[in-house]
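The next block holds one structure in the form of structure tokens; read it before the comments.
Laboratory data are not the source of any read-out in this text; all were calculated from the coordinates shown. What you are looking at is a predicted structure, and each value in this text was computed from that prediction instead of being measured. Cβ: placed from backbone, ideal geometry, glycine included. Neighbour counts: every protein chain shown.
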Amino acid sequence: MLAVVLALLIVPLAAGAICVALPRTAARVITVLSGLTSFALVLVLIPAVAHRDLNYLSYLRVDAVSAIFLLTISFLYAAVAVYTVGYLKRHEDLYARRFYAGLNLFAASMLAAPMMSSLALLWIAVEVTTIISALLVAIEDTDGAAEAAWKYVLIASAGLGLALLATVFAYFAGAQVLGQHYNLALQPLVETGARLPHTPVRLAFLLALLGYGTKMGLVPVHTWLPDAHSEAPTPVSALLSGSLLAVSFYAILRFYQVAGATLGTGFPRDALLVFGVASLLLAALYVYGQRDIKRLLAYSSVEHMGILAIGVSFGAPVALAGVLLHVLAHAAAKGNAFMGAGVFTVKFGGKEISAIRGGLDLLPWSGPLFLLAVFALSALPPSGIFRSEFQIVSGGLSSGHYAAAAILIILATVAFFGLSASATGMLFTPPPREQTRGEPSAWMVVPVVAGVAVLFVLGVHPPAELTHLIERAVSQLGGTR
Amino acid sequence: MALASPASAPGIYAGVANVIAAVMLLLEFGMLRQALARDQVRLYAAQSALISVLAVVIAADRNLPDLYALAGLSAALKVVTVPLVLRRLLRGTVGDEEAPGVAGSQAVTPATAVLAGIVLAAFGFFSFGALGIRSPAAPPTALSIAAAMVLMAFGLMIVRRDVASQAIGFLSLENAISLAALVVAAGLPLILETAFLFDLLVAVVVFGMLIRAHHSRAESLSTADLTRLRG
């Protein structure tokens, strides 16, 4: 399996490095191949990880929790790589080559993060994702893109500064027990959790929640997110929302593991609950009155990140299983929604919701697919998000968090009305006269169909291997306590 | 009766660490009130140099040879390379003159900024002191000063409305974290420390590219016009 893990690190990195030098057609082929290969490599890893943790070369580690995030990232990477071929048709050569290079490097850095055994290397990988994605946000070279990229890089870097401080205190706590030459590996920290000093661990968890929470888009440190998601090119928005937020959530989960082992789960769960409810509340309200389709979807991402935080705070095993499934299903659904929004912006020449009319009539595939994505995001059955939110809520009820579970249901419903009101305006209205019926590109439809299939499978009958993997991850996260 | 028992008096290492931390905090105040970007860069370079000195002191005191390498690397990067890149960037914006949009970019008057800085620093210092994080290796005063510097760096990013000062605010935040890391995590393996520094270099390059992009659009380094995206 070492070869598979190394290949997963190297394939997207190499693809990114050579894309700049290659002609456009070759860059296109390489990007699609790299995306599909990465996804296949993760699928190969899963049966092995479902039974044992993989440790290699002292700095690489893949366990069940990381495997779920690898699956999320690589699936969306593959989908977006295919989608990008259609998206870049209207762009010139140099732009396209840079775009392909950036996309692959961005995916490489996100795939690296969950494979790092050490909290320090995890931080470095997350910081690299920020740097590459900031350049991708700025690549459009418009006023809006420059503004969004600056806000993003400054706010996210400052947040990651706090996360670095969290890493330093985690080292301090670990070094008290494991000695000065401790290398910040996660596993020994969790194993010796009960003996770690409490105050530094508490501080490390709070700083990590605030720092990585900035990148995850938790309210009140989410302010870069709607700007970056709306101004970035659509394929990048899809990756930002479905994968990058998940990577930051992954980092928080790792600190949660350490804090849970040291402090018991009460304190970390309370902290997560506060951030989760704030995110859900603000996002559910901001969904109303959005005029930009990508901004609308960005606030929906904040909403779902809030649901993840609340789900972890419930702590019951079934809620944690729901959270991990939600990460996967949200990536598929939000990726689909952004990819659909990208088709709309190409077809209607802008992101304003008021300019998008008659989507169902004009776009025979993307119209209905976008509708399905909105339904999925609103947790309607039989999508995977219905199953995951159902698990989270039932976990909340079974662990006695009645108020929080009720708030989750009410606010998710509020967001559903906002989202579907905007979607109705874009889809079920009479089309403008000058527009003709037809899809801009088949490349922009195929990955969305794959996403719908994934959502359906996750909702109706998740594969046994995946269920087993999630069970193992839940027990690693302390869901059995 | 002895005024202070030998056990409670700080040793040479702790004393030096505390003095260096205090001077770094003063430089942070300098950055907060300094109007010209090139002077801010100088203050940043001085602050970074102190970090390297502290690393050497700790290396000698605690017999950690790795830290000599780190001190050299950190000096090469943060005292020489990063300030050079920043100066070039600022000079590249308008010949040899001061870049427009930096001087007078304070959202509040310098006096108010410094007063707010004092409040922030005091809050950081005392609240961190109250946490009582102690170990034989970590002088608590230096650690509390690092916390004060972290808050002040955030304050610097908030009160300045130009991209250059905001970038310097971020870099001084990184210095504050380096100080905290040296005090409580001196034994961190060199390979990780090196990776952090390399990461900083890449971040500076990206900050630079975005500053240039901003300047070529807005013809100024001011962020006053970055108000298009809201809601």
Net charge near B:L43, counting Lys/Arg +1 and Asp/Glu -1 over other residues with Cβ under 15 Å of its Cβ? +3
In debye, nearest 20, what is the charge dipole magnitude of the stretch A:2-476 about its Cα centre with +1 on Lys and Arg Cβ and -1 on Asp and Glu Cβ, if you could check? 220
Estimated vicinal HN-Hα couplings, Hz - the stretch A:440-457 in sequence order (Karplus 6.51, -1.76, 1.60; Gly, Pro = x): x, 6, 5, 4, 8, 9, 3, x, 5, 4, 4, x, 4, 4, 4, 4, 5, 4
Once each part is reduced to its C-alpha centroid, what is the distance from the stretch A:313-366 to the stretch A:411-426 in angstrom? 12
If each residue of separation counts as 0.36 nm, what is the full-extension length gain between A:T436 and A:T25 once their alpha-carbon separation is subtracted? 145.1 nm
What distance in nm lies between label points placed 7 Å from Cα along the C-beta direction at A:A17 and B:V108? 4.9
Quick check: pseudo-label points 7 Å beyond the Cα along Cα→Cβ at B:E219 and B:A130, how many nm apart are they? 5.1
Using alpha-carbon positions, what is the distance between the centroids of the stretch A:372-387 and the stretch A:238-254, in Å? 20
How would B:E174, A:E352, A:E303 line up from fewest to most surrounding beta-carbon atoms within 10 angstrom? A:E352, B:E174, A:E303
Determine, for the protein assembly as shown, the count of lysine pairs separated by eight or more sequence positions (or lying on different chains) whose alpha-carbon distance falls under 27 Å. 18
Among rounded, prolate and oblate, which fits the stretch A:1-114 when a ≥ b ≥ c are the square roots of the eigenvalues of its C-alpha gyration tensor, a/c under 1.5 means rounded, and a/b larger than b/c means prolate? prolate
In terms of modelled amide H atoms, which long-range or inter-chain residues lie less than 5 Å from the amide H of B:D162? B:T223
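Determine, from the Cβ-Cβ distance of A:Y288 and B:A122 and an R0 of 35 Å, the FRET efficiency 1/(1 + (r/R0)^6), rounded to the nearest 0.05. Walk me through the numbers on the way to the answer.
On the way: r = 42 Å, r/R0 = 1.20.
Efficiency, rounded to the nearest 0.05: 0.25.
Inside 10 Å of the C-beta atoms of A:172-183, what's the mean count of C-beta atoms belonging to other chains?
Counting Cβ atoms of other protein chains within 10 Å of each residue's Cβ and averaging gives 4.
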Give me the net charge of A:A404's neighbourhood, meaning all other residues with Cβ under 11 Å from the Cβ of A:A404; Lys, Arg count +1, Asp, Glu -1. 0
At what distance in angstrom do the alpha carbon centres of the stretch A:139-207 and the stretch A:55-97 lie from each other? 24
For A:S243, net neighbour charge (Lys/Arg +1, Asp/Glu -1) across residues whose Cβ lies under 15 Å away: +2
Under 1.5 on a/c is rounded, so check that first for the stretch B:12-218, then, if it is not, pick prolate when a/b is larger than b/c and oblate when it is not; a ≥ b ≥ c are the square roots of the alpha carbon gyration tensor eigenvalues. oblate
Most exposed first by the Cβ proxy, i.e. fewest other Cβ within 10 Å, how do A:H51, A:H330 rank? A:H51, A:H330
Could you list A:F75, A:F375 in order of exposure, starting from the residue whose Cβ has the fewest other Cβ atoms within 10 Å? A:F375, A:F75
So the label point goes 7 Å from the Cα of B:R33 along Cα→C-beta, right? Which residues of the stretch B:113-131 then have their backbone N under 16 Å from it? B:113-122
Placing +1 at every Lys and Arg Cβ and -1 at every Asp and Glu Cβ, with all other atoms neutral, what dipole size does chain B have around its Cα centre, in debye to the nearest 20? 300
If we sort A:364-371, A:435-442 on the protection proxy, mean other Cβ atoms within 10 Å, highest first, what's the order? A:364-371, A:435-442
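With r defined as the distance between the Cβ atoms of B:R91 and A:D143 and R0 fixed at 25 Å, what FRET efficiency is calculated, to the nearest 0.05? Show your work: numbers first, answer last.
Values: r = 25 Å, r/R0 = 0.99.
The computed FRET efficiency comes out at 0.50.
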By the mean-Cβ-within-10 Å protection proxy, highest first, B:210-220, A:121-131, A:448-458 rank as A:121-131, A:448-458, B:210-220
FRET E, pair A:L380, A:D270, Förster distance 30 Å, beta-carbon r, rounded to 0.05: 0.45
What is the mean number of Cβ atoms from other protein chains located within 10 Å of the Cβ atom of each residue in peptide A:149-162, rounded to a whole number? 5
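Taking beta carbons within 10 Å but only from partner chains, what does the mean come to for residues A:123-130? Intermediate values should be presented prior to the final figure.
On the way: counts 4, 5, 2, 0, 6, 3, 0, 3.
Rounded to a whole number, the mean comes out at 3.
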